[in-house]
Structure formats: structure tokens, C-alpha cells
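Colleague: One structure coming up, written as C-alpha cells, with questions to follow.
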Amino acid sequence: MKGHTFWSDLKNYRVLLLMLAPAVAFFLLFAYVPMAGIIIAFKHYDYAGGIFGSAWNGLDNFRFFFESGDAWRVTRNTALYNIAFIVVNNSLQIFAAIMLFEVGGKWFRKITQSALFLPYFISWVVVGAIAYNLLNYDIGTVNALLRGIGLQPVDIYNTPSYWPYILVIVSAWKSLGYGTVMYLAAITGIDTEMYEAAEIDGANIFQRIMKVTIPNLYPTIIILVLLAVGNIFRGDFGMFYNMIGNNGLLFSSTDVIDTFVFRSLITSNDIGMSAAAGVFQSVLGFATIMSVNYAVRKYDKDRALF
């Protein structure tokens with residue numbers, strides 16, 4: 001009977017399953033099959049032996065990574081940057097979505113939404129070039145303006161303390177439109193009768209936002225934050241590399257696990273240590289998402305991811 005039910009479902013939902021097949025194949029090929037390469041982190045890799053033929057070296061790659069003094073720095077930077085991105089980006093996206101929903105005028109809303117969405121489609125390579133032309137000490141627009149009003153120019157590319165603020169601002173600018181659309185879609189799905197009832201009860205616009213809009217956004221906020229927390233130890237390589245490049249003066253405040261792994265692989269050709277750093281990053285991410293999801297389940301199991 002069970003076999004009959006399975007094959008019947010397979011036949012009845014064959015179109016939907018066929019639509020799902022490309023996504024399943026993608027994740028199998030690019031997310032699960034490569035997991036076999038995790039053993040590189042425990043081997044002294046050489047090209048002659050390959051992945052499976054290289055000699056085992058236990059935890060030596062991890063020991064070298066932690067004893068190098070870079071492990072704590074890149075882990076701290078990665079986590080703190082992502083926490084800042086989650087807090088700032090989601091706050092601005094929620095604010096922008098609420099403002100667009102409340103502001104009247106169809107054309108104004110469409111034009112504003114399109115303008116906010118535009119930076120999302122700009123490549124990080126282009127963003128890095130824009131930042132360089134704005135912030136460069138000799139030819140940058142910012143320093144040209146400072147010189148023009150009689151102030152001293154600022155050497156931003158040689159001053160690490162400026163970059164946490166710059167990167168948070170750039171990340172917020174680029175992701176604002178995409179996140180706003182998701183939150184705006186959630187807001188438009190709220191039952192309009194709730195707003196009408198609140199208005200009849202005498203609620204002003206701020207009370208409607210606080211008592212109707214934001215509480216109904218909680219499920220969306222929780223899901224998006226949980227998904228972001230799963231990547232809290234995974235830096236945006238495109239952003240950090242194109243904004244910073246190989247400027248060693250800024251590594252103390254901008255180097256994250258992804259850029260460290262890339263640089264280790266390119267400069268020292270140490271595949272084993274690069275793989276060890278990647279495994280370390282994945283384990284931290286897995287532990288974080290499991291912990292946060294467990295905490296959400298304890299609070300409200302219906303809002304947890306699983």
C-alpha cells in the first residue's frame with residue numbers, strides 16, 4: 001500500500017517534481033558532492049597524490065591556522081561585521097518598507113522602490129571602483145572637497161579605524177532595495193481589516209505601525225534573521241576583496257575568514273591550511289544556526305526554521 005501511495009504521488013506530482021529537479025541537481029553537484037573534499041583539511045596535499053592520494057597529517061593544518069595568530073582576528077572580524085550587517089541592514093529595510101507602504105502616491109512609491117533597488121544590481125567590482133574614486137587620498141572626491149573648503153585631506157586607505165563604518169554603510173546601501181522589497185511584500189500581505197479596525201479605534205499612523213505592522217512582520221523578520229545568522233561566519237568575499245584588495249594596512253580591521261583563505265591559497269599555496277580554515281568556518285556556521293534555531297523553538301516553535 002505504501003509503495004502504491006508513493007508511486008501514485010510520484011505520478012500525480014510529476015510536473016512539480018520535474019520543476020524541482022534542477023534545484024536538487026544544483027545542490028547535489030555544488031553543495032553535497034564537494035563535501036568529499038573536506039578531507040583535504042586533514043592531509044598534507046600534494047598534486048601528485050591528489051585529494052585521496054595525499055598523506056594524512058591529522059590536525060596539523062588546524063594547528064598551524066590557530067598558531068599563526070590570524071584565527072581569532074579573522075573570526076572576530078567576520079562575526080562582528082555580519083552582526084552589524086544584520087542589525088543595520090534589517091532595521092533600515094524595515095523602516096524603508098514601512099515608509100513606502102504608508103506614503104501615498106503610486107508613482108512616487110514605484111520610482112523610490114526602483115531607485116532603492118538599483119544598487120543591488122551593481123557589481124562589487126564597480127562599487128569598489130566608485131569607492132576608490134571617492135575615497136582616494138590624491139584624486140578622491142571626498143578629499144578634493146575637503147581641500148576645497150580649506151580642511152586637511154584624510155588618508156582613508158591607510159587608516160583601518162574608518163573601514164568598519166565604511167563597509168557597514170556600503171553594505172546597507174547595496175542591500176537596502178532587495179530587503180525592502182521582501183518586507184514590503186510581507187506588509188502588503190497583512191489583512192487590511194486590521195488597519196481599518198485600528199483606525200476606527202482612533203489609532204494614529206505611528207500606533208498602527210507599532211501595534212499592527214511590526215507585530216505582523218515578526219515571522220518574516222525571524223526567518224530572514226535566522227537565514228542571515230547561518231552565514232554569520234561567512235564573509236561577503238566580493239565586498240571585502242573589491243573594497244580592500246590586498247592593502248595589508250587594513251587587514252587588522254577588515255580581514256575576514258574568506259579573504260584570509262583566498263590570500264593563503266594564492267600567496268602561500270597552502271591548500272591544507274586553506275581547507276582547514278574553511279572547515280572551521282563551516283562548523284562555526286552550523287553550530288550558530290543550530291543554537292539560534294533551538295532558542296527560537298524554545299520561544300515559539302512555529303517560527304523556527306526546523
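Colleague: Ignoring solvent entirely, what values of log10 I(q)/I(0) come out of the Debye formula for region 24-123 at 0.16, 0.17, 0.23, 0.24 Å⁻¹ when each Cα is a single scatterer?
Modeller: Rounded to two decimals, the profile gives -0.93, -0.97, -1.13, -1.15.
Colleague: Do the sum for the chain: with -39,500 (n - 2.57) for every DSSP H run of n ≥ 4, divided by all residues, what is the mean residue ellipticity at 222 nm, to the nearest 500 deg cm²/dmol? Numbers along the way, then the final one.
Modeller: Working: 16 runs with 204 residues, N = 306.
That calculation yields -21000 deg cm²/dmol at 222 nm.
Colleague: List every residue whose amide H lies under 5 Å from the amide H of Lys43, counting only residues 5 or more places away in sequence or on a different chain, with H placed 1.01 Å from N in the peptide plane.
Modeller: So Lys43 has HN proximity to Asn57.
Colleague: With every protein chain kept in place and ligands, DNA and RNA left out, what is the accessible area per residue of region 42-299? Probe 1.4 Å, answer in Å².
Modeller: Averaged over the residues of region 42-299, the accessible area is 55 Å².
Colleague: Still on this structure: Which distance in Å, rounded to a whole number, links the C-alpha centroids of region 1-54 and region 173-238?
Modeller: Centre-to-centre distance over Cα atoms comes out at 35 Å.
Colleague: Sticking with this one: If you plug each phi of region 13-20 into the Karplus form 6.51 cos²θ - 1.76 cosθ + 1.60 with θ = phi - 60°, what whole-Hz ³J(HN,Hα) values come out, in order, with x for Gly and Pro?
Modeller: 10, 4, 5, 5, 5, 5, 5, 6
Colleague: Which of rounded, prolate, oblate describes region 146-300, given a ≥ b ≥ c as roots of the alpha-carbon gyration tensor eigenvalues and a/c under 1.5 marking rounded, otherwise prolate only if a/b is larger than b/c?
Modeller: oblate
Colleague: So I have [x] 102, 37, 32; [y] 104, 62, 38; [z] 85, 74, 36, and one of them is Cα extents along the principal axes in Å calculated from this model. Which one is it?
Modeller: [z]
Colleague: Calculate one ³J(HN,Hα) per residue across region 29-37 by plugging θ = phi - 60° into the Karplus curve 6.51 cos²θ - 1.76 cosθ + 1.60, and present them in order as whole Hz with x for glycine and proline.
Modeller: 6, 10, 10, 9, 4, x, 4, 4, x
The values are calculated or read from the model by the stated rules, or taken from the named source; none is laboratory data. These numbers were taken from a predicted model, which means no experiment stands behind them. Surface areas here come from the heavy atoms of the whole protein model, side chains and all, with no ligands, DNA or RNA. Shrake-Rupley method; radii C 1.70, N 1.55, O 1.52, S 1.80 Å.
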